[in-house]
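Below is one structure, written out as structure tokens; comments come after it.
The values are calculated or read from the model by the stated rules, or taken from the named source; none is laboratory data. Remember, it's a predicted structure, so these values are computed and weren't measured experimentally. We place every Cβ from the backbone using ideal geometry, glycine too, and count neighbours over all the protein chains shown. Just the protein is used for accessible areas: all its heavy atoms, side chains included, with ligands, DNA and RNA removed. Shrake-Rupley method; radii C 1.70, N 1.55, O 1.52, S 1.80 Å.
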Amino acid sequence: MLRERFSRPLAKAALALSSSVREDAELLRADLWGSRVHARMLGETGILPAPAARRIDRGLRAIERLVAQGRFQLASELEDVHLNVESELVRRIGRDGERLHTGRSRNDQVATDLLLWLREALLDLEEGTTAVAVELGRRAEGPDGSIVVAGWTHLQPAQRVYVAQILGTHALRFLRDAERFRSIRERIVDCPLGSGALAGSSLPLDRRRSARLLGFRRPSPSSLDAVSDRDAVLETLSALALLGVHTSSLAEELVLGSMPEVGRVRLADEFVSTSSLMPHKRNPDLAELLRGESGPAIGRLVAHLAILKGLPLAYNRDLQVGKPLLFEGVERARQGLEVLEPMLRTARFLAPASPAGDTGSVELVDALVARGVPFRAAHGRVARLLGKLERTHRTLRELSPSEWDRAFPELEGTPGLPDAEEEPERRTTEGGSARRAVRSLLTEVRARGWIAAAAARSERARLARLRHLLDAPLRPHFRSTHRPS
Ligand code: ARG
């Protein structure tokens with residue numbers, strides 16, 4: 001196909017490099033939708049006779065059915081999804097099929113397909129990240145949430161917190177991911193279709209009509225931009241890299257928590273593996289895989305940025321190399337979220353057997369501050385005492401009452417050092433560790449989770465309605481009003 005001006009076919013090895021059909025199967029539904037809209041617009045504006053447009057639509061619908069049944073195979077010698085669909089159409093309906101590409105290029109076609117595909121992919125990601133956030137919030141509100149554990153800095157026991165705050169904090173990260181995917185989706189509003197190869201068309205296309213039928217807000221304002229812009233792809237890969245980082249951080253805590261020496265997490269049997277050699281092993285493989293997936297997620301972003309760097313306007317074939325990065329990135333993230341959510345639902349969070357370290361030291365310093373001791377002086381006194389205790393392998397809690405009174409006379413009659421279980425309750429600042437603050441964190445998680453889920457539901461409904469627009473009979477001589485001048 002498309003070799004009329006050459007005397008020889010593409011070299012065999014060149015064809016293999018040139019073909020994108022392996023990844024393009026992803027775009028089939030979007031491509032057919034875009035083509036049906038384009039054909040309808042051509043028929044409505046009279047660029048094509050209405051009967052030809054109707055025959056094209058019937059042919060494309062037949063191909064849609066083949067695709068739905070999984071019976072449409074892409075041929076690699078036809079280079080990409082666009083040429084495959086077109087050639088199947090011609091095979092089915094003959095010459096009228098050859099009119100479909102009127103006023104269109106594969107350059108505006110692939111840009112349109114990618115945006116249609118992305119809108120739905122982003123929705124899946126919104127739903128997947130929201131589901132994880134909601135599950136984390138649910139677990140935080142459940143009985144495991146009230147367990148007190150050491151919060152870590154530098155992986156050392158720092159200050160004790162409720163498990164609920166840890167889970168609610170991870171939930172916030174996934175909510176931000178969901179909100180990020182949504183905002184990328186909501187900024188996909190400019191329809192590339194009708195931009196042609198790079199400079200628009202001399203035919204009287206009704207770009208507003210195509211944009212409306214495909215659910216965009218308007219035709220893209222520059223044809224040069226429309227065929228070369230991959231910002232939404234890049235933003236998605238960037239949001240996926242960040243999701244990978246969030247997932248990896250949570251997965252790492254599940255891995256560490258599962259170490260018998262730490263004993264804070266027990267993953268369900270469905271999400272652990274054993275060793276082919278050591279029968280006692282209970283390995284958190286799935287959490288490790290989730291952690292590992294963040295590497296390629298970051299890599300795909302960097303790889304795509306590097307593809308775009310230095311590309312002049314407008315379409316350049318390099319852009320084709322970016323497509324599998326997007327498809328694979330979305331697919332791996334979807335799979336990861338599908339594992340993470342039930343892994344969290346079935347995990348048990350445990351109270352560690354031995355309380356770790358003198359984590360109440362900060363509260364002790366604060367108690368001295370409340371009695372008028374300057375902070376630095378209080379910190380120094382507690383630190384010196386801790387140093388002394390460490391040499392004799394003792395903790396603050398093991399001080400005798402008289403040692404205590406001698407060390408901190410100004411605290412007489414007050415519990416300067418909280419019980420381990422009481423530590424989180426001492427920190428009542430907004431966003432802090434006390435139960436009240438954690439409760440409002442979880443209320444926020446619930447509210448934002450609800451909003452994110454509702455936004456995704458309403459977009460799903462909008463997309464379903466759009467599909468029905470093509471069921472209406474074709475209206476010849478239709479033109480959008482309020483065309484831009
Ligand atoms: N196969 C290309 C891609 O996937 C689309 C069309 C390329 N356009 C061209 N003039 N060769 O990006």
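Points worth noting:
- Peptides 6-18, 89-101 ranked from most to least packed, by the mean per-residue count of other Cβ atoms within 10 Å: 89-101, 6-18.
- Once the 1.4 Å probe is applied to the protein heavy atoms, segment 193-330 comes out at 47 Å² accessible per residue.
- Computed over the alpha carbons of segment 1-87, Rg followed by Dmax gives 14.9, 43 Å.
- Whole-number D in µm²/s for segment 346-430 (Stokes-Einstein; Kirkwood sum over Cα pairs; 20 °C, 1.002 mPa s): 152
- From largest to smallest, the equivalent ellipsoid semi-axes obtained for segment 67-222 from the alpha-carbon gyration tensor read 50, 19, 13 Å.
- Over the C-alpha atoms of segment 267-403, the Rg to Rh ratio, Rh being the Kirkwood estimate, stands at 1.26.
- With 0.36 nm allotted per residue and the present C-alpha distance subtracted, the Ala199-Thr443 stretch has 82.7 nm of extension available.
- Spacing of the modelled spin labels on Arg460 and Arg187, each 7 Å from Cα toward Cβ, amounts to 2.6 nm.
- The three principal axes of the Cα atoms in the chain give end-to-end lengths of 101, 58, 40 Å, sorted in falling order.
- Seen from a random direction on average, the alpha-carbon convex hull of segment 245-306 projects onto 5.3 square nanometres.
- 3J(HN,Hα) along segment 253-263, derived from phi through the Karplus expression 6.51 cos²θ - 1.76 cosθ + 1.60 where θ = phi - 60°, amounts to 5, 5, 5, 4, x, 7, 4, x, 5, 9, x Hz, with x in place of Gly and Pro.
- Using a probe of 1.4 Å on the protein chains alone, the accessible area found for Trp152 is around 80 Å².
- In summary, segment 360-485 shows an alpha-carbon radius of gyration equal to 2.25 times the 2.2 N^0.38 Å reference for compact globular proteins.
- Convex hull of segment 55-135 built on C-alpha atoms - directionally averaged projected area, nm²: 7.0
- Derived scalar couplings between HN and Hα for segment 410-425 equal 5, 9, 3, x, 10, x, x, 10, x, 4, 3, 5, 8, 3, x, 6 Hz in order, rounded to whole Hz, by the Karplus curve 6.51 cos²θ - 1.76 cosθ + 1.60 (θ = phi - 60°), x for Gly and Pro.
- Measuring nothing but how far apart in sequence close Cα pairs (under 8 Å, 6+ apart) lie, relative to its length, segment 1-117 scores a relative contact order of 35 percent.
- Relative contact order (percent, whole number), segment 364-445, Cα cutoff 8 Å, 6+ residue spacing: 21
- Taking amide H atoms as placed 1.01 Å from N in the peptide plane, the amide H of Gly151 lies under 5 Å from those of Ala158, Gln159, Arg160, Val161, each 5 or more residues away in sequence or on another chain.
- Ranked packing of 37-44, 311-318, most packed first, by mean Cβ within 10 Å: 37-44, 311-318
- Mean Cα-pair separation over length for the chain, i.e. relative contact order, pairs under 8 Å, 6 or more apart, %: 20
- Cα-based helix-to-principal-axis angle, 375-391 vs the chain, degrees rounded to 10: 70
- Three principal axis lengths of segment 1-153 [C-alpha, angstrom, descending]: 75, 42, 27
- FRET E, pair Ser222, Leu386, Förster distance 56 Å, beta-carbon r, rounded to 0.05: 0.30
- Portion, in percent, of the accessible area of the chain that falls on carbon or sulfur, probe 1.4 Å: 54
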